[in-house]
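Working notes, structure below.
The values are calculated or read from the model by the stated rules, or taken from the named source; none is laboratory data. Everything numeric in this text was worked out from a predicted model, so none of it was measured. Note: ideal-geometry Cβ built from the backbone for every residue, glycine included; neighbour counts use all protein chains shown. Note: areas computed on protein heavy atoms with side chains; ligands, DNA, RNA excluded. Shrake-Rupley method; radii C 1.70, N 1.55, O 1.52, S 1.80 Å.
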Amino acid sequence: MHTINVQLKNGFTSIMLKINTPTYFFKNICRGLAVMLLLVSCTTEETEQIENKATAFASAYYNFRFNNALALCTPESGKWIRYQASNVRQTDIDTYNNMADSAQCTIADVSFDDDSTATVLVDVRNYVVTDSIYRKGNVGDKAQVTLKMKKKANKWLVSLDSVLKTVATD
């Protein structure tokens, strides 16, 4: 064991500090590792929960299961889901029913804004593009959508402040 003597001079003040190096450094290294492991395990759990909710929401939304999507978002977001549902026309449903496969959603990225909000980038494939009031919906090959997630009562929920903006990609 080594003892380090440090004298700091600040004007008339002198401070002597004795540190038992092996014990001091070993304890701090162990504490640091424990904190890092705790943070990594919490972050991994949180990320998994966010990915599961975002995927379930996007799959429900893009497969016209709006009631299922409502259950996965904040109460304040409900008006945007109901708005989107009210704008789906029979021609959009016919297009969906004629598709060989349903819409597929996968997570491209998750980033934490803080401990209770996150941003999720979702890749969407084979989805119905509900273009406008006067045009029949068509099938989109690939797109991305950004979802905001909020943690409420230890549950991650999708938080919408407008209808989803689906951006077609190559």
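Above 19 angstrom, tally the Cα pairs of the stretch 113-170 and express them as a % of all pairs, no decimals.
Working: 707 of 1653 pairs.
Beyond 19 Å sits 43 percent of the P(r) for the stretch 113-170.
To the nearest 0.05, what FRET efficiency results for GLN49 and LYS165 with a Förster distance of 30 Å applied to their C-beta separation?
0.80
Which whole-Hz ³J(HN,Hα) couplings does the stretch 144-155 yield from phi under the Karplus relation 6.51 cos²θ - 1.76 cosθ + 1.60, θ = phi - 60°, glycine and proline marked x?
Each residue's phi maps through the Karplus curve to give 10, 9, 9, 10, 9, 10, 10, 9, 10, 6, 6, 10 Hz.
For a bin width of 10 Å, list the pair-distance distribution of the stretch 86-133 built from all Cα-Cα distances, rounded to whole %.
Result returned by the calculation: 22, 34, 26, 16, 1.
Counting only protein heavy atoms, what percent of the accessible surface of the stretch 109-170 is carbon or sulfur at a 1.4 Å probe?
Here carbon and sulfur together make up 47 percent of the probe-accessible area.
Which of the pairs LYS53/LYS136; LYS79/LYS142; LYS53/LYS152 have their Cα atoms more than 21 Å apart in this structure?
Distance filter (> 21 Å) returns LYS53/LYS136; LYS79/LYS142.
What is the gain in length, in nm to one decimal, between GLN104 and LEU121 on full extension, counting 0.36 nm per residue of separation less the C-alpha to C-alpha distance?
4.7 nm
Could you rank the peptides 56-67, 152-163 by their average count of other C-beta atoms within 10 Å per residue, with the highest value first?
56-67, 152-163
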